[in-house]
Structure formats: structure tokens, C-alpha cells
Amino acid sequence: MTDFLKKILFIDLIKGLSLTLKYNLSKSFTIRYPDEEKWLPYQRFRGLHTLNKDAQGRELCVACELCAKACPTKCITVVPMEDNNGIGIADRIAKIYEINLVRCMFCGFCEDACPTTAIRMGREYELACFSLDCAKADKQRLLAPQEIPVEFEGGYVIKARLERTKEGIRVRPDLTKKKRWW
Amino acid sequence: MDTNTCIELALIIIKVIIISSLLFALPIPLTWIERKVAGHIQLRLGPFRVGWHGILQPVADMIKLMFKEDIIPDKADKWLFKLAPIISLVPIFLTFATVPVGDKITVFGKEVTLYISDMNVGILYILAVAGIGVYGLILGGWASNSKYALFGSIRSSAQMISYELALSFAAIGVVMVTNSLSLVDIVNSQKATTWNICYQPLGFIIYIIAGLAEINRIPFDLSEDEGTLAAGYHVEYSSMRFSFFMLAEYVAMVLMSVLAVVLFFGGWSGPILPPIVWFVIKVSAFIYFFMWVRFTFPRYRYDQLMTIGWKILLPLSLVNILITGLFLI
Amino acid sequence: MELIFFYIFAIFAVSSAIAVISLRNPVHSAVFLMVCFLQVAAIFILLRSPFLAAVQVFVYVGAVMVLFLFAVMVLDLGKERFGEHLHHQSPIAIIIIIGLVFVMGLGLAKAKLDAPIGKYTEAAMAKNTEVMGELLYTKYVFPFEVVSLLLLIALIGAIVLVMKERN
């Protein structure tokens, strides 16, 4: 009997319609990337690697090659060299430190293996480009500080704008304007 | 011919031009609105990149459609294949000859009626002529010489036969209450009393359901069911011919909304605001309703469609006529 | 003015009727049949009977859909040969056609083609639907009921035939 009443009064249909109406009037979840907004990942995010320096600006990497050993895809190449000029924290620094980003699967094992916390996964994730030379991250690129500082708390949608330059397309974030996603 | 008939003739021609250009232009904002409604119901934003909030998206789509290659399948019946989109488009435009958008207004001291002609068989004419539109679907599907298209066209013909009955019977209830087949008279009689929805709630529900089926929209768009038929009757069509089908579908949606407003919701009558504004508000509410339904309900299965049509809607509409008759006596 | 329109509609109606019987493709014939019916409906409007015109479109043009379905479902369009179906019928057919033309010609010759409108004035003709409804339920109520009974019998007959097949 209740089933019959439900049918003739279109209860189920009205329930469905009211739900979609509610959704229609509520705010949408779309992030307007890349034109206006960008997703800022959490600090635990595993993006493009970065080589850290200590407080005096010395390279933390001692070229122990543990990261290269730990890497499951063998995409890290480390060639050590001796150096007494105080570039690194010890007298052994990396002559070449190269990550093949095409092969890297961003598992974060290198991070775990590193005894000096030199290599860390950053929060850069726009790694696509028009040529293959950006598929390799050399030491210089890894040492350069990333756009989003490590201390900056993630999990926000931040204002951003699309920039077309000769080097390619970039989404430049504006860290001052942030909001929670939901 | 004296000057008065000349003016009358010129007026009719002007009205025809205005209404048909309006109908050609209407699907442009309607596609945008439909995609926006779809987006927001699914918690997306819909088109956003072309113009302000993507408002130029339909224009971009139109340019894209125009420059697409016009493909005619080799084994298609060429003559009917070319004719079918036109058959689906023309009758739907013809129906607007009797659709009133308002009563008389005075322009430059001359009374101008806001409809092309007030036939005394208005509602019958609209239902009959709108029924011809389905031949476009059927012939197009048959002429494509494709299995999917043929299935789509046969489905749509069966659907049309079963739902046109219920739709007409639902309209007959209104005709019995208002004692006239003319749409203008129907609106005027509602002005005198209350809206017909108060007398014909069952008729209205039947009308809306059958109307959804008649204009081939979800949940009854079995003839263009993507899941089972690829695209149904227009699977072989491309370019402008395809857009003719789309145009006809949107104009049919407008027609169904207008008819619902005229038959059940008092047409252009309403307090304070001018009549034409009321009319537009009511019609757009119905158009929104059709879109809202489209993005809420799943498609019915084919046997369910037939069951609803023959075993539920048709007996119900007959009962509706009977009850109306009893009350009138 | 009206005469011009009448001739346009009449020419289209007759030529499409000829196309219906002369075209080889049944679907093309069905389309032309539809065109013919539409022209007849237009002529009904010229005769001040919009109700008949609307019903003509509703019933006859709507019925072409069924015809179309027959053509698609039952006939094998690719292999259909019309000549083979005439089993020595042509002499009989010609005799019947001559007879039909003779009877129709006799009727046309006797009838007054420019008959007056009758007892209904222009104003009454504008209320065509009401007049027709009233006549149907007063003067012609017996034929009307007979026809509806006939239709009901046909309806039940169709259902019975289908049910028998299912069992």
C-alpha cells in the first residue's frame, strides 16, 4: 500500500529532483586550473625532487649514492667528487646528480634512503614540456629553490594565473590568496 | 487590395519573420543554459573558457559544426537523407503559427495581435503538425542505411504512436474545461477563472510525461540512446544537417513548454508585471524543468517505455476525460 | 487569390499522387503519400473547414507512419520487383479503371462545381468545429455510433488475433 502511494505521488522522483536541485544551487567543486586557480598540494606530496642546503648554504648531499641504490627504477645518477672549497658539508660532493624524470615513478624511496636529508620530494607537479631536455633534472635545477616554500602549509586552492612565455606555459601561483577546497 | 489588407499582410509577414528568426536564435542560448544546468547539477561549472562564463560556447560550436565535412554515406538513400533534417525542422516551426505569446498590444495606434493566427482548431493543429516532425527522425534513420539509425527511427515511430495519444487526450481534458480549441480562448478563459492546473492536475501530469516522450528527451529519448544505439537516428549525420536535428529538438522543447504554459498555467496572465514578461518567466521555468529532469533521471528501458505509454498513461488519460465529463455535467 | 492557392495545392496533390503509384521504392511512395495528404489538408482549409484539415493531418498523415513501418518491416526493399506480382490481372484492372473513370466523370458532369456555401454563413463557418460537433451528436448520432461500434470491433479483433498468436 505504501509502495503504491509512493508510486502515484512520485515520491522517489521528487526525492531525486530535489537532490539535483540542491546540487544545482550549491557551489561547484571545479578548480579553474590553470586560468584562475591551482591546487596547492599537502607537504607530504611527492612531486619534483629538490636538493636541500643547510643553514650556511652548504649542499647537504655527500654523494653517498644510497638514493641511486634505493631507486627501484634506477633513474638517479650520482657521480661523486672530492671538494675542499666548502661547497658541501663534507669533502665529498656530487659532481653529477641527475634524475631521469621520465623513468622516475615518484615513490619517495630516495628520500627515505638519504642519510643527510639532502634529497626531498617537493611540491612541483607541472613537469610537462615541449622537448625532452626537461625530462632530466640536473643538479642545478634540483638545487634551485622551488616556487612553494617547504614551510608553506598545503591543501589549498590558491589563486594563480596562466603565463605564456618563450620557455613555455607556466601557472604562476599567488600564495597570499588561498582558500580551502570545500 | 486596399491599404488595410496590405497592412494586415505586411504585419503577418513581419510577425512570421520575427518568430522564425527568434526560433532560429533560441537554441543558441538554450544549449549554453542546458550545459550550464548540467554542469551545476553535477557540481561542475560547465563551459567557462569562451567568453564570460562560456557564453560564446554555442557560437564556437556552431562555427565548428558549419566547417565540419558534410558526410553522406555511400549506400544511403541520398534524396531522403537530405530531406529528413528539413522534414524534422519545418513542422516544428509551422506549429508556432498559432502559438500565442500574448494578447493584443497597441503599436502606433494600431492593434497588433501577438500571434500569427488564432485558428479555431489551434491545439489540434499544433498536435497534428508537431506529429509530422517525427517523420524527419524516421526517414533520416531509414535513409542512413545504418542498423543503429534504423533501430532509432523505428523506436521513435513506436514511441510517437503510443505517446501522441496520451498527449492529445491530456489536451482534450483542457479543451473540455475551456470549451474551445483555440489557444487564445483557452488562455482568456483561464484569466476569467483560475489556471487549468487546478481543474486538471491529472491531465497536467499526463501531459508532462507524454510531452517528455514526444520531444525525445531523457528519460524517454530511446531513439537516440547512446548506450545501446550509438547515437540513434542521427548517427550518420554530420555538419549542418546534424545541427538541423538539434535545432528541431530544442524548438520542440520550447513548443512543449509554451503549450504547457498556455494549456495549464494561464498563458500570459499574471499580476503586476506585463503579460509578455509573465509568459517568458513561465516558459523558461518549464524549459528549466525539462533540463532539470534530463540531468536527474536515468533513461527508461524500452519495454518500460511501452508499458508506461499503453498501460498507465492511456487509461489514465481516458479516466481523466471521464472525470472531467462527469464534473462538467 | 484563393483560386491561385487552390491550383497550387491541387497540382501538387495530383502530381504527388501520381508519384505515389509510379515510384518503385515503397518508402519514397509513402513520403509522397504524405505530401498528397498535406495538400488535401490545405485544400480543406481553403474550403473553410480547418477541423477537417487538422484531422486529415492527424489521422491520414499519422497513418503514413504505419505504412512506412510496413514497408520497412515486411518488404525486402532491395529485391522488390513489382512487375512479377501482376498475374494476368492487367486486362481486368483496365476494365475496372475505365468503369471507375466513367462513373466519376458522370458524377462530376452532373454535380454543380460552383455550388453555393449552403445555409452556413461565413460567421458560422468560423465556428466550424462547434457546428460539426453539434451535427454529429444530434442529426448524425446513429451513423456516428455505428462507426464507433465498428471501430471498437476492429480494435477487439486486432487484440484477439494477437492473443491467439501468442498462445
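Residues in the range B:99-116 that are in contact (Cβ under 8 Å) with a residue 40 or more places away in the chain and either within 10 Å of chain C (Cβ to nearest Cβ) or among the aromatic types (F, W, Y) (or both): B:Y115 alone.
Residues in the range B:281-311 that are without any contact (Cβ under 8 Å) to a residue 60 or more places away in the chain, surrounded by 15 or more Cβ atoms within 10 Å (Cβ to Cβ) and of a type in the set (V, I, T): B:V283 alone. On the given criteria, is B:L124 buried (at least 20 other Cβ atoms within 10 Å of the Cβ) and outside any loop (DSSP other than H, G, I, E, B)? Spelling it out, B:L124 is indeed buried (at least 20 other Cβ atoms within 10 Å of the Cβ) and outside any loop (DSSP other than H, G, I, E, B).
From the list B:L318, B:L255, B:L314, the lone residue that is assigned by TED's automatic domain parsing to the domain that holds B:F169, more than 20 Å from the chain's Cα centre (by Cα), touching a residue at least 40 places away in the same chain (Cβ under 8 Å) and buried (at least 18 other Cβ atoms within 10 Å of the Cβ) is B:L314. Would you point out which residue out of C:S15, C:S29 is in a helix (DSSP H, G or I), surrounded by fewer than 19 Cβ atoms within 10 Å (Cβ to Cβ) and either more than 12 Å from every other protein chain (Cβ to nearest Cβ) or without any contact (Cβ under 8 Å) to a residue 60 or more places away in the chain (or both)? Of C:S15, C:S29, the one residue that is in a helix (DSSP H, G or I), surrounded by fewer than 19 Cβ atoms within 10 Å (Cβ to Cβ) and either more than 12 Å from every other protein chain (Cβ to nearest Cβ) or without any contact (Cβ under 8 Å) to a residue 60 or more places away in the chain (or both) is C:S15. Just one of the listed residues (B:A171, B:A192) is under 16 Å from the mean Cα position of the chain (by Cα) and more than 9 Å from chain C (Cβ to nearest Cβ), namely B:A171.
Within the range B:186-194, does at least one residue satisfy the condition of being buried (at least 17 other Cβ atoms within 10 Å of the Cβ) and aliphatic (A, V, I, L, M)? So far as the range B:186-194 goes, yes, one or more of its residues are buried (at least 17 other Cβ atoms within 10 Å of the Cβ) and aliphatic (A, V, I, L, M).
Among the residues making up the range A:6-39, those that are part of a loop (DSSP other than H, G, I, E, B) and more than 30 Å from A:K159 (Cβ to Cβ) are A:L9, A:F10.
Looking across the range A:6-48, the residues that are under 26 Å from A:Y125 (Cβ atoms), basic (K, R) and either at pLDDT 85 or above or surrounded by 17 or more Cβ atoms within 10 Å (Cβ to Cβ) (or both) come down to A:K38, A:R44, A:R46. Taken over the range A:2-58, the residue count meeting the criterion of being on the phi > 0 side of the Ramachandran plot and more than 10 Å from chain B (Cβ to nearest Cβ) is 1. The single condition among (1) more than 18 Å from B:P100 (Cβ to Cβ); (2) more than 14 Å from chain A (Cβ to nearest Cβ); (3) at pLDDT 85 or above; (4) part of a helix (DSSP H, G or I) that B:I312 does not satisfy is (2).
For B:A248, are the conditions met, namely being aliphatic (A, V, I, L, M), modelled with pLDDT of 90 or more and in a helix (DSSP H, G or I)? So B:A248 fails the test.
When B:I86 is tested against the conditions (1) over 20 Å from the mean Cα position of the chain (by Cα); (2) surrounded by fewer than 18 Cβ atoms within 10 Å (Cβ to Cβ); (3) more than 14 Å from chain A (Cβ to nearest Cβ), the lone failure is (1). Filtering A:A90, A:A68 for residues that are part of a loop (DSSP other than H, G, I, E, B), farther than 16 Å from A:R46 by Cα and hydrophobic (A, V, I, L, M, F, W, C) leaves a single hit, A:A90.
The condition of being of a type in the set (A, V, I, L, M, F, W, C) and touching a residue at least 24 places away in the same chain (Cβ under 8 Å) holds for only one of B:L45, B:L23, B:L9, B:L56, that being B:L23.
Here the range B:204-245 is the region considered, the condition is being of a type in the set (S, T, Y) and not in a helix (DSSP H, G or I), and the residue that is surrounded by the most Cβ atoms within 10 Å (Cβ to Cβ) is B:Y237.
Which members of the range A:49-63 meet the condition of being out of contact with any Ser or Thr (no Cβ under 8 Å at 6 or more places or on another chain), surrounded by 13 or more Cβ atoms within 10 Å (Cβ to Cβ) and part of a loop (DSSP other than H, G, I, E, B)? It would help to see each step written out before you state the result.
So in the range A:49-63, the residues out of contact with any Ser or Thr (no Cβ under 8 Å at 6 or more places or on another chain) come out as A:49-51, A:53-59, A:63.
Filter again for surrounded by 13 or more Cβ atoms within 10 Å (Cβ to Cβ), leaving A:49-51, A:53-54, A:58-59, A:63.
Answer for the range A:49-63, where residues must be out of contact with any Ser or Thr (no Cβ under 8 Å at 6 or more places or on another chain), surrounded by 13 or more Cβ atoms within 10 Å (Cβ to Cβ) and part of a loop (DSSP other than H, G, I, E, B): A:D54, A:R58, A:A63.
Residue-level check: of (1) of a type outside the set (A, V, I, L, M, F, W, C); (2) under 30 Å from B:I12 (Cα atoms); (3) modelled with pLDDT under 85; (4) surrounded by 15 or more Cβ atoms within 10 Å (Cβ to Cβ), B:P91 misses just (3).
Determine whether B:Y233 is within 24 Å of B:S157 (Cα to Cα) and more than 19 Å from the chain's Cα centre (by Cα).
Here the answer is no, as B:Y233 does not meet what is asked.
Checked against (1) of a type outside the set (D, E, K, R); (2) within 12 Å of chain C (Cβ to nearest Cβ); (3) under 17 Å from B:S223 (Cα atoms); (4) part of a helix (DSSP H, G or I), B:Y148 passes all but a single condition, namely (2). Looking across the range B:135-144, the residues that are at the interface with chain C (Cβ under 10 Å from one of its Cβ atoms) and either over 20 Å from C:L33 (Cβ atoms) or aliphatic (A, V, I, L, M) (or both) come down to B:I138, B:L139, B:A143.
Checked against the criterion of being outside the structural domain of C:F32 (by TED's automatic domain parsing), at pLDDT 70 or above and either surrounded by fewer than 10 Cβ atoms within 10 Å (Cβ to Cβ) or within 27 Å of C:L23 (Cβ to Cβ) (or both), the range C:111-129 contains one or more residues that satisfy it.
The values are calculated or read from the model by the stated rules, or taken from the named source; none is laboratory data. Given the structure is predicted, the values throughout are model-derived calculations rather than measurements. Note that we place each Cβ from the backbone using ideal geometry, even for glycine, and neighbour counts take in every protein chain shown.
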